[in-house]
Each structure stands twice: as C-alpha cells, then as structure tokens.
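Taking it in order: structure first as structure tokens, then the write-up.
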Amino acid sequence: NGLNPAFIASLRNLIKPMNVPVTPEIFITGREVGEAYTKAVEMILANPDLSKFKYLLTIEHDNIIPFLPGTLGPLMMLYENMDKYDVVGGLYYLKGEPPTPLIYGDPKDSKDSKAGMFKVRYDWQSGDIVECNGMGCGFTLFKLDIFKDKRLKKPYFKTVNEHSKKGPKLYTQDLFFFEKIRKLGYRVA
C-alpha cells in the first residue's frame, strides 16, 4: 500500500522559503487520520531540533500540489500570509457533485451553532485570501507555536462520530482542531 508517485513527485516541486531550515517529509501511515495528525505533532514537539521550527506543513496523500506559472508556488503563497494568520490552507474541494469548497464559517458570524461555525462559504473569488473558521488540512501551513499553547489540550486532532440527546456530532479531524483553536482566538484563512 504505497503512496501515489504523483503525490511524491509533487513534494519535490515545492519551492521552499530561502534561508530557513526544512526537514525531510514525515509520513504517518496505518493510523486513523486524527490519530496520525496528533502523533506527528507530538513527534515534532518531542524532537529538540524540529520543535524549534516556526511552521508545520501538512500535505495529505490525495492532494497533488500544482506548479503555478507566474508565482513562487503554492507553498510560498501560504507562507506570504503567515504574518496575518496562524493557519493558512490551500483551497481544495470535497469530492462529490457538486464539488464543495472546504472553506467553513465566517469569523464575524455567530459560533453558537455548529452550522454557523462551519457553514460552507461561497462568498469568494479565485485568488482571494478568505478568513474562515475551518478548512481541510490537505495542504495547510500552521504556526508550530499553536501546539505549544498550554490552553490547547490533546488530542489536537480527532475524528468525531458521536450521538447524544443534543443530536449527532460528526467532525473530521480538521474541523475538530479548528473549533478548538478558533475558541482560543487563533486566526485561520
């Protein structure tokens, strides 16, 4: 059960920031996705060298990172916005008909209901930087300091499928994480 060769090739094509340390990729396989994300962060924080890095980039195996002519590339486009936001992700879509953009919630809207917190956003145009409450983590750059915040409790990521008298709570690992950090005041785009 190997990784798609196109995925591996796309990693080699990423233009990385100059004059900053970059570590080889860390692959976590054979775990539920929320567990894998949390395990990867724990490994990084436990490593004396990696824990000093400023950013963490996640790339999921089903995302191919394109070359964008006339730009410094997708990674640099995320990096250029890290002065304003704590997490910046590349846009991708939920598989299905119609394809749904994984941009959830407007920080200006009420967070009282889960639908308000994670309502799908369509109020943007290609190329916009959209502040939101959550997104997928398929190609996402995080400030590593978020995970050092003592207010953020483990697990950092968790896939949730719970049913109670209040109704179902169905979250992917990414929305579980974003709900936690948005409550702590972190900004996401």
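Any idea which of (1) touching a helix residue (DSSP H, G or I) at 6+ places or on another chain (Cβ under 8 Å); (2) modelled with pLDDT of 85 or more; (3) surrounded by 13 or more Cβ atoms within 10 Å (Cβ to Cβ) is the one Glu42 doesn't satisfy?
That leaves (1) as the condition not met.
Which members of region 161-175 meet the condition of being in contact (Cβ under 8 Å) with a residue 60 or more places away in the chain and touching a strand residue (DSSP E or B) at 6+ places or on another chain (Cβ under 6 Å)?
Leu175 - this is the single residue of region 161-175 that is in contact (Cβ under 8 Å) with a residue 60 or more places away in the chain and touching a strand residue (DSSP E or B) at 6+ places or on another chain (Cβ under 6 Å).
Of everything in region 32-91, what is farther than 17 Å from Val22 by Cα, part of a loop (DSSP other than H, G, I, E, B) and among the aromatic types (Phe, Trp, Tyr)? Give them in sequence order.
Phe67, Tyr85, listed by residue number.
Can you confirm whether Phe157 is part of a strand (DSSP E or B), over 20 Å from Asp109 (Cα atoms) and either modelled with pLDDT of 95 or more or in contact with a helix residue (DSSP H, G or I) (Cβ under 7 Å, 6 or more places away or on another chain) (or both)? I'd like the intermediate steps shown before the answer.
Details: part of a strand (DSSP E or B): no; over 20 Å from Asp109 (Cα atoms): yes; either modelled with pLDDT of 95 or more or in contact with a helix residue (DSSP H, G or I) (Cβ under 7 Å, 6 or more places away or on another chain) (or both): yes.
No; evaluated as a whole, the condition is false for this residue.
Go through (1) modelled with pLDDT of 85 or more; (2) more than 25 Å from Leu45 (Cα to Cα); (3) outside any loop (DSSP other than H, G, I, E, B) one by one and return the number of the condition Asp128 breaks.
(3)
Name the single residue, out of those in region 45-88 being at pLDDT below 95 and among the β-branched types (Val, Ile, Thr), that is farthest from Val160 (Cα to Cα).
It comes out as Thr71.
State whether the residues of region 103-121 include one that is closer than 20 Å to Tyr171 by Cβ, open to solvent by less than 30 Å² (accessible area, probe 1.4 Å) and assigned to a strand (DSSP E or B).
yes
Residues of region 145-189 being in contact with a Gly (Cβ under 9 Å, 6 or more places away or on another chain) and either open to solvent by 90 Å² or more (accessible area, probe 1.4 Å) or more than 16 Å from Glu35 (Cα to Cα) (or both), which ones?
Those that are in contact with a Gly (Cβ under 9 Å, 6 or more places away or on another chain) and either open to solvent by 90 Å² or more (accessible area, probe 1.4 Å) or more than 16 Å from Glu35 (Cα to Cα) (or both): Glu179, Arg182, Val188, Ala189.
The values are calculated or read from the model by the stated rules, or taken from the named source; none is laboratory data. Here the structure is a predicted model, which is why all the values come from computation and not from measurement. With ideal geometry, Cβ positions are generated from the backbone for all residues, glycine too; neighbour counts draw on all protein chains shown. All accessible areas refer to the heavy atoms of the entire protein, side chains included, with ligands and DNA or RNA removed. Shrake-Rupley method; radii C 1.70, N 1.55, O 1.52, S 1.80 Å.
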